[in-house]
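To keep things clear, I will list the structure first and then write my remarks on it.
Bear in mind that the values in this text are calculations on the coordinates, not laboratory data. Just so you know, these numbers come straight off a predicted model, no measurement behind them. Here the Cβ positions follow ideal geometry from the backbone for every residue, glycine too, while neighbour counts run over all protein chains shown.
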Amino acid sequence: MTQTVVTYRQIKPADACRYDGVALGEVMLRFDPFDVPTPLARQARIYQGGGETNVAVGLAYAFGLRTAVLTALVDDHIGANIRNQLRAAGVDTGHIIWFNTKNDGSRFSTDQKGTLMNGVMITYIGKGILPSDTLYYRAHAAVRELREGDIDWDALFGGQGVRVFNTGGIYTLISPTSAGLAIEGVKKANEHGTFVAADLNYRSKVEPDKARARQINQAIAPHIGFLVGNDSDLSDALGYETKVSSRAPFEEWLEAYKETVRGVARDFPNLSLIGTQWRGATSADAIDWGAVLYDTAAGTFYTAPIRRSIPIADRTGGGDSFTSGVLAALLKGKDLETAVQWGAAHGILVQETPGDTTMVDERAVLAEVKRAVAGGGVKASR
């Protein structure tokens, strides 16, 4: 029997749910060696980040919404650091599954030798013509051990209530069991009337086998309401080619992207929204930036004003912040034109500061929307 998928128009009211948003995904400790390439680095800043969980952080910190993360961590000092950063952003960490280090034979237990660990990444942000570069250490991360049956979805979606559930293509491809848990989650979300969002977010360092990525994402896509994916994601992770040059300007890219997403919507009629950010990189620290949303039922595209040659500090997290900006607008009852504006504004603002996650609030997002729509410059606050 085909499952009914919740649309963005059917998002539950806030007073009916404990959480506005819940994210299923990986979260890692990030080391950032400032502007020094990693081989020569001697010091680093510490952040946390993860494609799916960044959305929960953005919803909580920037937009004041109630969020939680579903992930697994080893109960050590690195796990505590990640937890404390999430808490500081306003995210509920009460649903994290902890692996103790007692090696006691229980389901969620490991040893102190690092047989299981918390994921770590080292990101050099790049400068000018020097590209950014990220190293991942996740092969033995605790989150890879999660499988179907580890999360009580009925208690979460049915008992506590969740308005939006999001996951994505990093988590679903991270281990042999992660896709099964994600599919179990998105099915249960729809069963309980929760709107589901997923970012394809294809990363070859997570899964170099595109055939496997496409097989898994094609199994998840029928249960999604809002699909996030640029032209590369739709090709690599879902099998839909966009006939356009990677160097094409936004206007040319958009026309080709429209044809692609119309095809995706025909094949997956459950999707009520499809969208993405658009990044035209001129260097490691300057980009053009845009965004688009497609209302599949109405056949209408919404775009945000293009930002040209914007200096950035760190490109990581721009897509995740686009997603959280769009979802925040929907959760607050805004229309799709506002949603794409919030997504574009939040997505560019997160790249103005270091780290994976947002350091701005809703007022800054609204100010950036106003500035971009007016085509104006930036004023200092005095």
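Some observations on this one:
- The calculated FRET efficiency for residue 300 paired with residue 127, based on their beta-carbon distance and R0 = 45 Å, is about 0.65.
- Between residue 374 and residue 100, the C-beta separation translates, for a Förster distance of 45 Å, into a calculated FRET efficiency of about 0.25.
- Sum of -39500 (n - 2.57) over DSSP H runs of 4+, divided by residues of the chain (222 nm, nearest 500): -9500 deg cm²/dmol
- Pairs beyond 23 Å (Cα-Cα), from 334/370; 187/243; 12/187; 332/370: 187/243
- Considering only Cα atoms, the convex hull volume of the range 1-82 works out to 186 Å³ per residue.
- Assigned charges on the beta-carbon of Lys, Arg, Asp, Glu; the range 78-235 dipole about Cα centre (debye): 360 debye
- Here the spin labels are modelled as points 7 Å beyond Cα on the Cα-Cβ line, and at residue 38 and residue 137 they lie 1.0 nm apart.
- All lysines inside 25 Å of residue 127 as judged from Cα atoms, apart from same-chain residues fewer than 8 positions distant: 205
- Overall size of the chain from C-alpha positions, given as principal axis extents largest first: 60, 57, 45 Å.
- Taking a sphere under 13 Å around the Cβ of residue 242 and counting the other residues whose Cβ falls inside, with K and R at +1 and D and E at -1, yields a net charge of -4.
- Projecting the Cα positions of 366, 245, 53 onto the charge dipole of the chain (unit charges on Cβ atoms of Lys, Arg, Asp and Glu, taken about the Cα centre) puts 366 furthest along the positive direction.
- Multiplying the residue separation of residue 353 and residue 88 by 0.36 nm and subtracting their alpha-carbon distance yields 93.7 nm.
- Compared with the direct C-alpha span, the chain from residue 46 to residue 244 gains 67.5 nm at full extension, assuming 0.36 nm per residue.
- Alpha carbon centroid spacing (whole Å) that separates the range 121-172 from the range 271-339: 21 Å
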